[in-house]
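Nothing in this text is a laboratory measurement; each read-out follows from the coordinates by a stated rule. Just so it is clear, the model here is predicted, and its values are computed rather than measured. Every residue, glycine as well, gets a Cβ built from its backbone with ideal geometry; the counts of neighbours run over all protein chains shown.
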């Protein structure tokens, strides 16, 4: 009953996301999906998206990330290398992340974003204010984040690292 009431509320937050990536125009070198577009006959069409049940809506995640001043990864757990950070960097968007686990190594404080103490909403709020008050600094950090994505996390770099590892093992 609670779900039915929630689904009928106007202006409610999105309850679920269906994330699809095809025909990406970013050409970002993090992946090569733009070089190998999907088969048009197998793609979900705009008409099909219109037929999604209520509670689902189409959102262009790449466009949102590319247009965002920053993204936030408020993890309370030890993450490995979250795609959220890689996607933000690929889009030239700096990241505010919890200062925990590998996130500390993913986000270069004051360079590609900011690190804040996990589970500390007051500290996060201060960083949010700082980011909103300094859009030029966020743009600079976004450019640095994009450069890091291309340098450290590109498909080419990944293949190179694997080849080096295999050479060492042989």
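The simple spin-label model puts a point 7 Å past each Cα toward its Cβ; for residue 41 and residue 126 those points are separated by 6.0 nm.
Treat the count of other C-beta atoms within 10 Å as a stand-in for reagent exposure and order 75, 167, 102, 88 from fewest to most.
Ascending Cβ contact count within 10 Å gives the list 167, 102, 75, 88.
Each of 115, 162 was scored by other Cβ atoms within 10 Å of its Cβ. Listed from fewest to most, they are 162, 115.
Calculated FRET efficiency, residue 109 to residue 157, Cβ-Cβ distance, R0 = 25 Å: about 0.65 to the nearest 0.05. Ranked by how many other Cβ atoms sit within 10 Å of their own Cβ, fewest first, the residues 166, 116, 70 fall in the order 166, 70, 116.
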